[in-house]
1. Considering only region 399-407, I want to know if a residue exists there that is in contact with a strand residue (DSSP E or B) (Cβ under 7 Å, 6 or more places away or on another chain), buried (at least 20 other Cβ atoms within 10 Å of the Cβ), modelled with pLDDT of 95 or more and not assigned by TED's automatic domain parsing to the domain that holds residue 609.
2. Report the residue count in region 379-422 for those that are part of a helix (DSSP H, G or I) and free of Cβ contacts under 8 Å to residues at least 60 places away in the same chain.
3. Looking at (1) surrounded by fewer than 18 Cβ atoms within 10 Å (Cβ to Cβ); (2) at pLDDT below 95, which is the only condition residue 394 fails?
4. Go through 322, 349 for me and flag whichever is closer than 22 Å to residue 144 by Cα, part of a loop (DSSP other than H, G, I, E, B) and at pLDDT 90 or above.
5. If you go through region 418-430, how many residues are over 24 Å from residue 538 (Cβ atoms) and either buried (at least 18 other Cβ atoms within 10 Å of the Cβ) or in contact with a strand residue (DSSP E or B) (Cβ under 8 Å, 6 or more places away or on another chain) (or both)?
6. Return yes or no: is residue 453 under 15 Å from residue 139 (Cα atoms), surrounded by fewer than 22 Cβ atoms within 10 Å (Cβ to Cβ) and outside the structural domain of residue 601 (by TED's automatic domain parsing)?
7. Just to be sure before I move on: is residue 115 in contact with a helix residue (DSSP H, G or I) (Cβ under 7 Å, 6 or more places away or on another chain) and within 19 Å of residue 236 (Cα to Cα) in the structure I sent?
8. Given the criterion part of a helix (DSSP H, G or I), crowded, with 20+ Cβ neighbours inside 10 Å and either in contact (Cβ under 8 Å) with a residue 24 or more places away in the chain or not assigned by TED's automatic domain parsing to the domain that holds residue 313 (or both), identify the matching residue among 186, 174.
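The values are calculated or read from the model by the stated rules, or taken from the named source; none is laboratory data. Only a predicted model underlies this, so the values are computations on that prediction, with no experimental measurement involved. Cβ sites come from the backbone with ideal geometry, for glycine too, and all protein chains shown count toward neighbours.
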């Protein structure tokens, strides 16, 4: 066996080293699998847990002739663009987090009618859905498996990083053969887990160019063509159901017990470990890689060949597999008991312990270790360890803006939150968010509320969100003269998901420059009369502008513009080099004796670089600025009520070795 190659960085994804083993994250494995399949077009709007897939293609696409990559402004644009490439005979990949599929589904319903391929039979469209059981990084844990029967689209689910690579190649084969988009479902644990992945051959090079052949009945889904396309779509999903019987994506682990297990994805790994804990290795297991449609013949063969009397369905969230196999069992008049949500909850993630405890109830076996005691100890330990409230990075411009907002509003003001780093604004000590729905939902909800309340209404929106779905919400605000102050937090990047670019970043997915699209110019063109741009680090000016803005009637906008401190600091580290061994640096520090412990800096501003200490010289309590965390933004100096914070420039002599 070839040893593990421990190269790091995205460049290892494109290496033509068939048979070598690499330690890849699930997202990396998906990218590698798509490259092996010959993908020629990739588009995405970044979102956890699948942001890394786009990041990888952003880095490697310029190095692969014929491969085009795009950071799209939203998921609908990503899916539409991928469909266009696929209809031109080019294999295409669209990547989205689970809630992003909602944005794309308007188009996706019809694209499934049209099919995935060109009229001459080439192409293939795979849509990655990054699901998030337990809502670890999302506003909900929406179960996108249900889009399979809704769209009449097959769903493929890997269980390991190796399968994440291998299965996507098969997904392209299915899409191309049956002329149908395939939903490739990852969950957070697969996307972010790491494992050994053996590289396969790069089957074909990306097509630099395709050709779109006109075909009105296929692509123009209006009556009567839509009706015929629906019939064709049902035929295609039925043909996939028949093929699923022998697909290598599904497998049966035989056993002698009368109780069997049906599972897929991450729960499959939990199931195998749970069976080992229970010493119940004789249970047969049906592992499904194609989770929609479940093959009737495969399931029937599993039950009858193993002579099963009982089946346990191990799956996370709602009963998707359970519903399908119960339907098959009823139609085939099988005398088999099917157990699922009686023992596993329809929400949250599962664990090995959860699966083992559920199986123990069914089998009447006790695990060889006391799982309940371990879980109880964990819960008790969690109570002892202080909770760490999520907070903004030191020097974050959004904290400075939120501080200014608190200074100009009272407890009656209403704050419409949104999706971005600023979701953390509802945590103490800031408290400047009253709801979070979806991207642009802050302004969307506030628009309706403005006609029914007299309170000050402030809607927050990130710069990436503005381009994503914020513009239609702003159009609606102007069109209906909603009395809302929209504050756009412009930090130049899609910061929350890893600093991917957007139209305001002036750089594209292929690392080319793009023309400027100033948010203020768009707002003015849409008819917003009051538009101001502020630097949030200039706190007093920001307070004055916000005060003035709240006095205006109708829709108004304030743009808070300051680059994300993380990307700004990375730029400084690259560009600011010491000269002749001398380095000058600004320091912010607490002047001894001046601090009155009013706690404005920590309880209102909430800077994590400041904490309370005992002054060694005077023996008194004071506030202390941790220089290792301080970014020298200076907002605390402005916020301090007693002028206790000073700025000093020091010179550091760097020894030469």
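1. Initially, region 399-407 is screened for residues in contact with a strand residue (DSSP E or B) (Cβ under 7 Å, 6 or more places away or on another chain), giving 401, 405.
This time we only want the ones that are buried (at least 20 other Cβ atoms within 10 Å of the Cβ), so: 401, 405.
Remaining after also requiring modelled with pLDDT of 95 or more: 401, 405.
Now drop any that are not not assigned by TED's automatic domain parsing to the domain that holds residue 609, which leaves 401, 405.
Within region 399-407, one or more residues are in contact with a strand residue (DSSP E or B) (Cβ under 7 Å, 6 or more places away or on another chain), buried (at least 20 other Cβ atoms within 10 Å of the Cβ), modelled with pLDDT of 95 or more and not assigned by TED's automatic domain parsing to the domain that holds residue 609.
2. Here is the first cut: in region 379-422, the residues part of a helix (DSSP H, G or I) are 379-384, 397-408, 421-422.
From the residues that got through so far, the ones that are free of Cβ contacts under 8 Å to residues at least 60 places away in the same chain too are 379-384, 402.
Final tally of qualifying residues: 7.
3. (1) is the only condition that residue 394 fails.
4. Values: 322 fails: part of a loop (DSSP other than H, G, I, E, B).
Unique residue meeting the criteria: 349.
5. Residues of region 418-430 that are over 24 Å from residue 538 (Cβ atoms), as a first pass: 419, 423, 426-428.
Okay, now just the ones that are also either buried (at least 18 other Cβ atoms within 10 Å of the Cβ) or in contact with a strand residue (DSSP E or B) (Cβ under 8 Å, 6 or more places away or on another chain) (or both), so 419.
Summing the residues that are over 24 Å from residue 538 (Cβ atoms) and either buried (at least 18 other Cβ atoms within 10 Å of the Cβ) or in contact with a strand residue (DSSP E or B) (Cβ under 8 Å, 6 or more places away or on another chain) (or both) in region 418-430 gives 1.
6. On the way: under 15 Å from residue 139 (Cα atoms): no; surrounded by fewer than 22 Cβ atoms within 10 Å (Cβ to Cβ): yes; outside the structural domain of residue 601 (by TED's automatic domain parsing): yes.
No: the conditions fail for residue 453.
7. Numbers: in contact with a helix residue (DSSP H, G or I) (Cβ under 7 Å, 6 or more places away or on another chain): yes; within 19 Å of residue 236 (Cα to Cα): yes.
It is true that residue 115 is in contact with a helix residue (DSSP H, G or I) (Cβ under 7 Å, 6 or more places away or on another chain) and within 19 Å of residue 236 (Cα to Cα).
8. Details: 186 fails: part of a helix (DSSP H, G or I).
Residue meeting the stated conditions: 174.
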